[in-house]
Amino acid sequence: MSGWICDGIAKDGKNYPDLGGAHEPYENYSLDCEICGLPKGSEKPSSKIGLSKILSKPILGIFTVIIILLAVGSVAYFSGLIGGKRHLRTYEEALASGEEALSIVRTHTSPEELEQAQKQLNLAISKLSQIPPKAAIYVDAEAKMNSYDSLSLQIANKISNFELCAVEPKPDDCLF
Ligand SMILES: [Zn+2]
């Protein structure tokens, strides 16, 4: 049997949970590595059935190419459509969270409610930040994100003011 070199790292794409672990390259003559237990064959990348193999049969190759082109084309087409719709939905969800935050801010009576509003705003901002620049709704999303950002800052200031004013006697610069 000819030897094979193992360095403890499986390269065949398979998982060997209890085996392996990088070690100096070691030449093995048995079926499993004497150092780390990886089996012979794991040191080589697994041979995949390449496209070139399929394409070597002319007619099959032509069909394959056509099917691949159709698949790629339709995926590109539909992902464009679905992507646009998805971004619009993300935008609408973000605005719903933003609106909720605003209505809490308008009616709040405690810092806890402001914290709730801030959570909603952060949710809205994180949703808006998922919308990529190529999306049609991006400009609107960016504008909303900026206004939510500054609102979030105002709320943070107000919350810290609440905390400031929670102590007795209230400091002079307390707004509430
Ligand atoms: Zn080994």
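Listed by first and then second residue, the pairs with beta-carbon distance under 9 Å, at least 6 apart or on different chains, first residue in region 137-162 and under 16 Å from LEU114 (Cβ atoms), second among the small types (Gly, Ala, Ser) and modelled with pLDDT under 90, are PHE162/SER110.
Based on this model, can you work out whether LEU31 counts as at pLDDT below 95, within 16 Å of the ligand (Cβ to nearest atom) and not polar (S, T, N, Q)? Yes: the conditions hold for LEU31. On inspection, GLU92 passes the criterion of being modelled with pLDDT of 85 or more, within 17 Å of ALA143 (Cα to Cα) and not small (Gly, Ala, Ser).
In region 18-32, the residues that are over 10 Å from GLU43 (Cβ atoms) and in a loop (DSSP other than H, G, I, E, B) never reach a residue that is more than 9 Å from the ligand (Cβ to nearest atom) and of a type in the set (Val, Ile, Thr) with C-beta atoms less than 6 angstrom apart, at least six apart or across chains. Taken over region 126-143, the criterion of being assigned to a helix (DSSP H, G or I) and surrounded by fewer than 20 Cβ atoms within 10 Å (Cβ to Cβ) is satisfied by SER126, TYR138, VAL139, ASP140, GLU142, ALA143. For region 100-116, the criterion of a residue being in contact (Cβ under 8 Å) with a residue 12 or more places away in the chain, acidic (Asp, Glu) and over 25 Å from LYS158 (Cβ atoms) is satisfied by no position.
The values are calculated or read from the model by the stated rules, or taken from the named source; none is laboratory data. This is a predicted model, so every value here is computed, not measured. With ideal geometry, Cβ positions are generated from the backbone for all residues, glycine too; neighbour counts draw on all protein chains shown.
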